1. With LEU105, LEU116 as the choices, which residue is surrounded by 21 or more Cβ atoms within 10 Å (Cβ to Cβ), aliphatic (A, V, I, L, M) and assigned to a loop (DSSP other than H, G, I, E, B)?
2. For a quick check of your reading of the model, give me the residue pairs whose first member lies in region 23-45 and is under 16 Å from GLY220 (Cβ atoms), whose second is acidic (Asp, Glu), with beta-carbon atoms closer than 6 Å and at least 6 apart or on different chains.
3. VAL123 fails exactly one of the following numbered conditions: (1) part of a loop (DSSP other than H, G, I, E, B); (2) open to solvent by 30 Å² or more (accessible area, probe 1.4 Å); (3) more than 22 Å from SER640 (Cα to Cα). What is the number of that condition?
4. Just the residues that are open to solvent by 60 Å² or more (accessible area, probe 1.4 Å) and within 26 Å of the chain's Cα centre (by Cα), please, taken from region 310-344.
5. Within region 254-275, how many residues are charged (D, E, K, R), outside any helix (DSSP H, G or I) and out of contact with any Gly (no Cβ under 6 Å at 6 or more places or on another chain)?
6. Identify all residues within region 227-241 that are more than 33 Å from the chain's Cα centre (by Cα) and surrounded by 16 or more Cβ atoms within 10 Å (Cβ to Cβ); write none if there are none.
7. Check region 70-89 and report whether any residue there is outside any helix (DSSP H, G or I), open to solvent by less than 30 Å² (accessible area, probe 1.4 Å) and farther than 18 Å from VAL134 by Cβ.
8. Can you name the residue in region 532-546 that is open to solvent by 20 Å² or more (accessible area, probe 1.4 Å) and of a type outside the set (Ser, Thr, Tyr) and is also nearest to VAL440 (Cα to Cα) among such residues?
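The values are calculated or read from the model by the stated rules, or taken from the named source; none is laboratory data. Since the model is a prediction, treat every value here as computed from it, not as a measurement. Neighbour counts run over all protein chains shown; Cβ positions are idealised from the backbone, glycine included. We work out accessible area using only protein heavy atoms, side chains counted, and drop any ligands, DNA or RNA first. Shrake-Rupley method; radii C 1.70, N 1.55, O 1.52, S 1.80 Å.
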Amino acid sequence: MVSTNEQRGPRLTLDELKQAAAEMRAIDIIDIFAAESGHPGGTLSIMDVAAALYLRVLNHDPQNPAWVLRDRVFWSAGHKAPALYVALGKAGYFPLDDTVLLRQLGAKFEGHPNCLKLPGVEVSSGSLGQGLGVAVGSALAAKMSGQPYRVYCIMGDGEQQEGSVWESAMSAGHYKLDNLCAVIDKNNLQIDGRVSDVMDVAPLAAKYAAFGWNVREVDGHDLSDILSAFESATHAEGRPTLLLAHTVKGKGVSFMENQAGWHGIAPGREKFEKAMVDLATPAVPPKRQAAMLAKAKAHALTADAKARGRLPQFRHDYWWNAGAAMKVDMDPTRMGFGRGLEAAGADERVVTLHADISGSIKITDFEANHPERKKRVFSLGIAEQNMIEVAAGLAKEGRIPVTGTYGVFASGRCWDQIRTTICYSNLNVKIAGAHGGISVGADGATHQALEEISLMAILPNMNLVVPCDSVESERATVYSLIDVAGPVYLRFAREATPIVTTRESPFKFGVANIIRYRGSKPRFIEAFETVLSTDYKSEGEEVSIVACGPMVPEAMRAAWLLKEECGIETRIVNVHTVKPLDVTALVLAADDTGLVVTAEEHQVGGFGNIVAGAILENRKDFQLPLLLERVGVPDCFGLSGKPWELMQWFGLCAEQIAERVLKLQGKRASAKRLAA
């Protein structure tokens, strides 16, 4: 092994560490308050460990973050990003007070760490259970090359419910990685409550020891004990070390301590001011706090202006509820899922499976008003792959299991289980993919599901439903659970979006709706007529906008804009059932109008390519010219920011759809002139 006596990085004394940890806690809460979102509970519980690690233990160089001999730290618990950011800032990687730009559009401090933007972040993270495996690989690489750096991994105790953690723990023990030290922030709480109630992971010390680890239990708020534990880890020859840090969630803020409800909620003004009293430190006087909040506000205004600046300008303002007429109500589509699930739950066959974010995605509406249903509710913890397999077993025995988690995990993390066990066996499992698209906003790319349509639509036997509003979500949920035999993936969103359908609107599984603008009305919903595609006769429209999910209201707003500004008649095709697909409606739209724009809150082409392929394969008149363009997120990962900012930033709003239509119209006009 290469040896080096070179030591870099801060080396604070014990008293200095205590002062630094107090400062970091205060800055952490200022950042989360300014962001209006984030994870205060876990960031406060891990803060003493973070202070010890970055300000005393690590051999690292904030002025040269890529220094080859630096120790590596992998934050598997990526939602504790604010603690990481303040630790890096305090260590000197960037000005500490810059972290107040947490979760803002255009800032480096995303909702979950992004290694491509922020120095000191070794790898991007946010999906739990993956960091330890990366740490194992890094430790192996050090052994192979004879490098002296040490590797650290920060995890949560609820995270231990992920099966991938134990695969990594097994490999670390097998390869005797004594250059690896993992830390579990054992604060005993996760989103859905106590870890022992959600899915018990005890006894953690015995389990890791069984995999060949050197385990030391430590008081996660006693800096002297923490430093001693890190030092002892360097002497555990032939074994990786686990520090089981016993901590208090929300440490330092009286009303947050030991409260699961503060896992992922930012304090409002009143609670923030109370928290700052609890966290008072000379290092963060009122003047510094005020300056930081002013900095955050200024950046937010700039970010909003930049996002709005991407909207094309027209004679009038067509933004939601901007004028005296065309008013619309807003409601998240997840609310419709909750109402539909509650209604479908009257069927005794329906059971629900939770994966720790139950309240947010509204899967708990199933039992909230029906305590007798709790015997049909099963918490599987943070273990999406196991949740799908358990659902398969329940379906095989005649139950109708409904699984629920964020769409990015529901579709991606357990894709093989869905493919091989659910779809190949054609089992009657219903998968709720919550918070689809960019609607989780400030959480950032790791939690923004932009690939689900592609991942799910490609699977044989899978039904894929993407409702346009909360009313349609409710109706689609009931139908998918009770009337569809076989796998169903339901995609719905977190952010409040316009309600554009009623209970009287036509809804038929597998049949698209055609929507036409009929003139401005006091209420937006009254300005449109909706019919089943099978009942629609062409009215000589010039343009077709084919959309799914929350992009349907945007398509409707684009149709309003195009008519009022340019006199263009538009056919909107609401493809609420992406699979089975209403091919006939798509072909007729293409043949009747000759100009098709697809719109999806998704990686561009996931939905658009399905539509384009169906049209091109099934068109009858290939002599008729056809122009087609796809609107979606342009082949990139998402960003942190407010949901509507991100809609504007990625070109998903009605004004931007209309601009694309007008450009295609211009191409068509040019082609006609040339032909003449």
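1. On the way: LEU116 fails: surrounded by 21 or more Cβ atoms within 10 Å (Cβ to Cβ).
When all the criteria are applied, what remains is LEU105.
2. Short answer, once both residue conditions are applied: THR43/ASP28; SER45/ASP185.
3. Failing condition for VAL123: (3).
4. Result: ARG310, ASP329, MET330, ARG339.
5. So in region 254-275, the residues charged (D, E, K, R) come out as 257, 269-271, 273-274.
After this cut, where a residue has to be outside any helix (DSSP H, G or I) as well, the list is 257.
Of the ones still in play, those that are also out of contact with any Gly (no Cβ under 6 Å at 6 or more places or on another chain) are none.
So the answer is 0.
6. At the first step, the residues of region 227-241 found to be more than 33 Å from the chain's Cα centre (by Cα) are 227-239.
The answer is LEU227, ALA229, PHE230, ALA233, ALA236, ARG239.
7. Scanning region 70-89 turns up no residue that is outside any helix (DSSP H, G or I), open to solvent by less than 30 Å² (accessible area, probe 1.4 Å) and farther than 18 Å from VAL134 by Cβ.
8. So in region 532-546, the residues open to solvent by 20 Å² or more (accessible area, probe 1.4 Å) come out as 532, 534-540, 542.
After this cut, where a residue has to be of a type outside the set (Ser, Thr, Tyr) as well, the list is 532, 535, 537, 539-540, 542.
Working: LEU532: 32, ASP535: 37, LYS537: 39, GLU539: 38, GLY540: 39, GLU542: 35 Å.
Per the criteria, the residue is LEU532.
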